[in-house]
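Working notes for the structure below.
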Amino acid sequence: MELRMNLFGNEIGTKIGKRIYAVSQVIQESPLPKTTQELVQLRASQINGCGFCVDIHGKDAAAGGETPARLNLVAAWRHSTVFTEAERAALALTEEGTRIADNGPGVSDETWAQVRKHYDEDQAVALVSLIAMINATNRLGVILNNQGGSYESGNLATIAN
């Protein structure tokens, strides 16, 4: 299938894309660890089936020094030993926050308590915002049929400019 629409092909889409990117920049500059940011974005993108975003975040994480073992185990993080307790809390929040409709009450108090155990206020705000933003971008990518496979690490800024 081909791309259904180029989001940046018209004035409104360009404005929306630039604002999404601006929010992402604030999150990237936050004290939330970069490794956690990429793991969260990769996991949400896997759940949502967004090949474009899986491609971006897998390649950017690898370029940032993430190991192949950890990248390969993100989808099975509950059954692996390579993630820290803090990363596991972030991944649990990612899954529950991404699968809100499937989880009944949404995010559990237990998961939230684990997040707050490992992340301060600024980091928690950045984490929650990151999960919301990657889910929004995943939906744009899937709806518009934006395909993965051709992304070159470090070029995300050129997509939104």
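A few notes on this one:
- Residue identified as without any contact (Cβ under 8 Å) to a residue 12 or more places away in the chain and either touching a Pro at 6+ places or on another chain (Cβ under 7 Å) or under 17 Å from residue 144 (Cα atoms) (or both) among 20, 56, 12: 12
- Condition broken by residue 35, with the remaining ones in (1) more than 18 Å from residue 148 (Cα to Cα); (2) without any contact (Cβ under 8 Å) to a residue 24 or more places away in the chain satisfied: (2)
- Scanning region 48-81 for residues that are within 13 Å of residue 141 (Cα to Cα), surrounded by fewer than 20 Cβ atoms within 10 Å (Cβ to Cβ) and touching a helix residue (DSSP H, G or I) at 6+ places or on another chain (Cβ under 7 Å) yields 48, 49.
- Across region 45-52, not a single residue is classified as in contact with a Leu (Cβ under 7 Å, 6 or more places away or on another chain), modelled with pLDDT of 95 or more and under 22 Å from residue 147 (Cα atoms).
- Qualifying residue in region 119-126 (condition: at pLDDT 95 or above, more than 16 Å from the chain's Cα centre (by Cα) and within 20 Å of residue 20 (Cα to Cα)): yes
- Residue within region 10-26 that is among the hydroxyl-bearing types (Ser, Thr, Tyr), more than 24 Å from residue 115 (Cα to Cα) and either modelled with pLDDT under 95 or in a helix (DSSP H, G or I) (or both) present: yes
- Matching entry among 90, 86 (being farther than 14 Å from residue 44 by Cα, surrounded by 15 or more Cβ atoms within 10 Å (Cβ to Cβ) and within 17 Å of the chain's Cα centre (by Cα)): 86
- Pair list, Cβ < 9 Å and 6+ apart or interchain, from region 115-135 residues that are under 11 Å from residue 37 (Cα atoms) to residues that are among the aromatic types (Phe, Trp, Tyr): 126/119; 127/119
- Of all residues in region 103-123, those being within 16 Å of residue 26 (Cα to Cα) and surrounded by 18 or more Cβ atoms within 10 Å (Cβ to Cβ) number 1.
The values are calculated or read from the model by the stated rules, or taken from the named source; none is laboratory data. All values reported here derive from a predicted model rather than from experimental measurement. All Cβ positions, glycine included, derive from the backbone under ideal geometry; neighbour counts span all protein chains shown.
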